[in-house]
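Working notes, beginning with the structure itself.
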Amino acid sequence: MASTSDPIETMKPTTQKRLPKLSPTQIRVCELAARGLTNKGIGGELGISAHTVDAHWRNVFARLGTHSRMQAVLLVELDKASREHGRREAVTAGTSDAGLV
């Protein structure tokens with residue numbers, strides 16, 4: 001039976017604040033999963049075993065409060081996009097075309 005709660009809606013409060021800090025390897029695991037790699041493929045890219053990748057996933061799930069790769073990847077990607085958008089706004093806010101001819 002399908003769940004009546006929308007996973008995206010349940011994640012919205014988490015995305016309103018900063019995500020808990022993930023290690024660089026945990027972030028890379030999420031990024032590689034976003035590209036469609038399996039644990040074995042992620043392990044091959046990082047030079048670690050699929051078992052170690054699984055351990056990274058357990059830690060990611062615990063830190064983010066998620067229960068699936070899809071939720072974790074989505075939160076990490078949304079956080080990354082939010083940070084990039086904030087940097088872009090900071091750069092454009094510092095520029096003015098008042099002095100342009």
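The values are calculated or read from the model by the stated rules, or taken from the named source; none is laboratory data. Computed from a predicted model, the values in this text were never measured in an experiment. When we count neighbours, we look across all protein chains shown, and the Cβ atoms used for this are built from the backbone with ideal geometry, even at glycine.
Observations
- Residue satisfying all of: in the range 27-67; among the small types (Gly, Ala, Ser) and closer than 16 Å to Glu77 by Cβ; surrounded by the fewest Cβ atoms within 10 Å (Cβ to Cβ) among these: Gly36
- Among the residues here, Val29 qualifies as within 28 Å of Gly86 (Cβ to Cβ) and either at pLDDT below 95 or not small (Gly, Ala, Ser) (or both).
- Ile8 vs. criteria modelled with pLDDT of 70 or more and touching a helix residue (DSSP H, G or I) at 6+ places or on another chain (Cβ under 9 Å): no
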